[in-house]
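This is the structure, below, for whatever I ask next.
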Number of protein chains: 2
Amino acid sequence: MKAFIDYILQFGDLNQQQIDLITKKAKILELPKEEYFSEAGKIAQQVGFVLEGVIRVCYYNNKGEEITKYFIDENNLVVDLESFNNDICSNAYVQAVTDCKLLVFSKKDWKELLDIIIPWQAIVNKIVSRVLIQKVERRSPLVSEDATTRYLMFLKIYPNVVNRVPLSYIASYLGITQSSLSRIRKNIR
Amino acid sequence: MKAFIDYILQFGDLNQQQIDLITKKAKILELPKEEYFSEAGKIAQQVGFVLEGVIRVCYYNNKGEEITKYFIDENNLVVDLESFNNDICSNAYVQAVTDCKLLVFSKKDWKELLDIIIPWQAIVNKIVSRVLIQKVERRSPLVSEDATTRYLMFLKIYPNVVNRVPLSYIASYLGITQSSLSRIRKNIR
DNA sequence: ATTGCTTTTTGCCAAATGACAAATGATTTC
DNA sequence: GAAATCATTTGTCATTTGGCAAAAAGCAAT
């Protein structure tokens, strides 16, 4: 829980009473490997904070290939924002890659907190824009680099993820085949 | 100006008095082709809304290649968010690709409006998250597609941009060389 | 129209990556 | 611990894309 408090206080100040209100709403969710936090075709109903484990967000492109578009590891927020905020169906699966332990807030609780804790709004907005900017900044540069550089970028961005997720997920994240990635790994050593 | 009002009212309601307060702060900025709206190494000082013309956001990667990462055309917001919000130096150039006409707000005016028009905050937050989500959703899928598919995606996303910007900008946006793009164009016809 | 300048297209070859299949290695299940 | 299952590596070859340079096309100024 401390990890979560530290995380949110990076983005603004809250007094102890406000922090208590927030933490009182948080529930622990144990998500076994392979299970979904939220699914394509459904409306995201919760906000999570990863305490342990690795999550991925993936979708199927129009060739039917499964594409992993982000990884989310410890001490990061996980929420399918567009779906959660606008109550529209998501087009992505948010899935535990390893056994995970999360702190979760239901949509109802989350919205309640926004109403009753005024400074919380500003903090959430900062978090949201930080999270979104981070997503662009991480994914976008991949477009213009060759496969080896992409992999090196991945290693920098997600140093704690490499050894916990299947090669195929990383390959699809990088937009290359898993054979290519395997060869790239060999060349790097 | 109407275009701008229409744009913001998509995200929430404002009464006429509030709209007037906002529009009173807006200035027209004519930005000739090639000129910068904001620059790498500097702190973004304004928010803009494109009335006419095409803008691009670009940066230099560590091989020194110039990479265009977004285009922004009519009726869209242009702001280097991370720099503008956090008063940190930007790492990107925001440049007019054609002669442009913009509606602009200085940082001071923008923040003032946020303070005095309460519902404006919520609207701005919605706009910001919409704009950021759009950036991810547009750029991210390029990673996992081949060059031809990328170009077709570009055409869908920016139907009004193709004929107004140099081929080289599009090529760097797609992460391919301009020769390749030229060949792709030939094959598509 | 001619010149000079920039952008786009094309040709050629090399390098990178993909597709497919088989082999190896790792992990789970009984 | 053997079998079955799944993940990764490797081999071979085809395809795509890049690098480089030259030609062609477009554009602006005179």
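At 7 Å along Cα-to-Cβ for each site, give me the label-to-label distance between A:Gln10 and A:Tyr60 in nm.
3.5 nm
Label-to-label distances across copies for B:Gly64, with labels 7 Å out along Cα→Cβ, in nm, shortest first?
Relative to the other copies, B:Gly64 has label-point distances of 4.7 nm.
Oh, and also: Determine the calculated [θ] at 222 nm for the protein assembly as shown from helices alone, applying -39500 (n - 2.57) to every DSSP H run no shorter than 4 residues and normalising by the residue count; nearest 500 deg cm²/dmol.
Calculated at 222 nm, the ellipticity per residue is -13500 deg cm²/dmol.
Next question, about the same structure. Distance in nm between label sites at B:Gln134 and A:Leu29, each 7 Å beyond Cα in the beta-carbon direction?
Simple spin-label model gives 2.9 nm for this pair.
Also, quick follow-up: What net charge is computed for the residues neighbouring B:Gln16, neighbours being all others with C-beta under 15 Å from the C-beta of B:Gln16, Lys and Arg scored +1, Asp and Glu -1? Before the final figure, lay out each step's value.
On the way: positive: B:Lys2, B:Lys24; negative: B:Asp6, B:Asp13, B:Asp20.
It works out to a net charge of -1.
Given charges of +1 on the Cβ of Lys and Arg and -1 on the Cβ of Asp and Glu, with all other atoms neutral, how large is the dipole of chain A about its Cα centre, in debye to the nearest 20?
The dipole of chain A has a size of about 580 debye.
Still on this model: For segment B:91-189, calculate the relative contact order in percent as a whole number, restricting contacts to Cα pairs under 8 Å that are 6 or more residues apart. Can you show the working numbers first?
On the way: 30 pairs, mean separation 21.8, N = 99.
Here the relative contact order equals 22 percent.
Residue by residue, what Karplus-based ³J(HN,Hα) values in Hz, rounded to whole numbers, does segment B:60-69 have, using 6.51, -1.76 and 1.60 with θ = phi - 60° and x for Gly and Pro?
Result, ordered by residue: 10, 7, 6, 8, x, 7, 7, 10, 7, 9 Hz.
To the nearest 10 degrees, how steeply does helix A:107-116 sit against the main Cα axis of chain A, on a 0 to 90 scale?
Here the helix axis deviates by roughly 50 degrees.
Further question on the same structure: Are any of the pairs B:Lys2/B:Lys25; A:Lys135/B:Lys135; B:Lys33/B:Lys186 more than 19 Å apart by Cα-Cα distance, and if so, which?
Too far apart for the 19 Å limit: B:Lys33/B:Lys186.
In debye, nearest 20: dipole of segment A:145-189 around its Cα centre with unit charges on the Cβ of K, R (+) and D, E (-)?
200 debye
Using a simple charge model, +1 on the beta-carbon of Lys and Arg, -1 on the beta-carbon of Asp and Glu, nothing else, what dipole does the protein assembly as shown show about its Cα centre, in debye to the nearest 20?
Around 1020 debye, computed over the protein assembly as shown.
Each value in this text was obtained by applying a stated rule to the coordinates, not by laboratory testing. For clarity, every value in this text was computed on a predicted model and none was experimentally measured. Counting neighbours? That spans all protein chains shown, and the Cβs are built from the backbone with ideal geometry, glycine included.
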